[in-house]
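Take a look at the structure below.
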Amino acid sequence: MHKRFSEQMRLKLFTVAAASSAILIGMTGLALSTPASAAPAPQANGTAAAAVPGELVVGYVAGASADQRERARGHASARFAERIVAAAADRTEVELVRLPQGKNLDEAIAQLKSDPAVAYAEPNYVLTHQATATDPIFTSTNTSQDLWGMYGDASTPANAYGSQAAEAWTAGHTGSKSVYVGIIDEGIQYTHPELNGQVWTNPYEIAGDGIDNDGNGYVDDVNGWDFANSDNTIYDGGSRGSLDNHGTHVSGTIGAKANNGQGVAGMNWDVTLISGKFLGRQGGSLADAVKSVDYFTDLKTRHGLNIVATNNSWGGGAFSQTLLDAITRANAANILFVAAAGNSGTNNDTTASYPSNYDVANVIAVAAIDRNGALASFSQYGATTVDLGAPGVGVWSTTAFNTYSSYNGTSMATPHVTGAAALYASTHPGATAAQIKSAILSSVVPTASLSGKTVTGGRLNVSGF
């Protein structure tokens, strides 16, 4: 028999603070235009994959010297812009290069590949988050379904199609600060009442001294790093317009605080979130996404942080060897890569969608279901490429400027699964990425709408976590 929630918890789950009556803004990703001279690769919906004009990502063969890299760039009249991945025993050097104005991307790629020092060259794809907005936020008079994605079939209130997080909570499983999760997305409003204290403070940095104390290449990365703007400010909602709603929403689903008498509760009442911000006003670039993934791998391998997963509620572009290599490095570091299946309503088995389609052991691809257990009309699916479904329609969570909003998208389903990984890790210290993934996939509830549409044919269920 499951215990009922306390009255305090009821308030927590179902009260949207009056001060939070901000209007929900649209969250459709903006993509940079592709120059007419380029012939970009197709993406899942059959349209051209957008790329940053005049930029390429180039990976070199192992041992390529500085002179050889310069020679290769010369074939395409390209100039070095920045190093994305430094050469090491287990990886090659990867650079971002810029082309002369009007240079054809396909021609430049062919010229670069003609040099024996070049392993691959690809466009610097534009990536965007996988969310859409619903109705304007309001203080509801009908609160019974506000947080349905957290409910269980035996909780009060109940919804059998929720993640069953409420079942885990009643068993005393509410997360742990010793579990770390990377948010590769927009930034996080770390001062939000629901997230204040849930976001990492880097113990290896001396804040404000202008020195890279921990030697990772990022000066004063106190709460993470903003790769989109190349600074340590992970929340720009107050200074650069209404930004960071999406990253804050994702963060709240994973780890909004409980029992503070307002707003929402996350899958984990205690967790440590780290920001790898790479999405901005016009989406984000492939190069910045790769740096974000490697940032968390480095934190775990050099400092031993218990980073169990990164949340990746974004997508776009075509296949990228650079990103595949970064995800593979994360896999070697025992970090799960939880990814949104996409919002085009298409079959990922027949038309690949990245990054969720990368065939690496640490990837978990997530589809979205609604409160009635139906596969969301927008959700991408795949019997061999999408692992499971999770709540992704009418999902309430935190947004910038201390607000709360309801969003739809595989972006919203994904953090339920990332939160599940963190919850499992909190009760199974030392569990490997493979063990956590196995626990998530083996505990799903068979669901008719997901049968033949996902690998497991089921929906997220954390009741036993």
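Since only VAL222, VAL293, SER313 are under comparison, the one whose Cα sits farthest along the positive direction of the charge dipole of the range 192-314, derived from C-beta charges on Lys, Arg, Asp and Glu, is SER313. Placing dummy labels 7 Å off each Cα toward the beta-carbon, the span from PHE319 to ASN104 is 2.4 nm. Among the protein heavy atoms, those of SER114 account for about 80 Å² of accessible surface (1.4 Å probe, every chain in place). Taking every protein chain into account, the 1.4 Å probe leaves LEU375 with about 40 Å² of accessible area, to the nearest ten. Size of the chain from its Cα atoms: along the principal axes, largest to smallest, the extents are 70, 52, 42 Å.
Averaging over all projection directions, the Cα-based convex hull of the range 292-370 occupies 5.5 nm² in the image plane.
In this structure the range 419-465 gives 37 Å² per residue of accessible area when probed at 1.4 Å with all protein chains present.
With every protein chain in place and a 1.4 angstrom probe, the accessible-area ranking of TRP396, TRP314, largest first, reads TRP396, TRP314.
The apolar share of the surface of the chain, taken as the fraction of accessible area on carbon and sulfur atoms (1.4 Å probe, ligands and nucleic acids excluded), comes to 50 percent. Per residue, the range 214-282 exposes 27 Å² of solvent-accessible protein surface, assessed with a 1.4 angstrom probe and all protein chains in place. With the charge dipole of the range 69-221 set up from +1 on Lys and Arg Cβ and -1 on Asp and Glu Cβ about the Cα centre, the Cα lying farthest toward the positive end among the listed residues ILE206, SER176, GLN111 is that of GLN111. Taking the centroid of alpha carbons for each part, the range 248-278 and the range 79-133 are 35 Å apart. If a spin label sat at a point 7 angstrom from the Cα of ARG91 along the line to its beta carbon, the backbone N atoms of the range 285-323 nearer than 16 Å would be those of 286-304, 310, 320-323. Computed packing ranks the peptides 244-255, 317-328, 296-307 as 244-255, 317-328, 296-307, most packed first, by mean other Cβ atoms within 10 Å.
Can you give the extra length, in nm with one decimal, that the chain gains between ASP349 and ALA81 once fully stretched, where that is 0.36 nm per residue apart less the Cα-Cα distance? Separation in residues times 0.36 nm, less the Cα-Cα distance, equals 92.9 nm.
Distance between the 7 Å Cα→Cβ label points at TYR204 and ALA361: 2.5 nm.
The values are calculated or read from the model by the stated rules, or taken from the named source; none is laboratory data. Because the structure is predicted, anything quoted here is derived from the model rather than measured. Here Cβ is always computed from backbone atoms with ideal geometry, including for glycine, and neighbour counts include all displayed protein chains. Quick note on the areas: whole protein, heavy atoms, side chains included, nothing else; ligands and nucleic acids left out. Shrake-Rupley method; radii C 1.70, N 1.55, O 1.52, S 1.80 Å.
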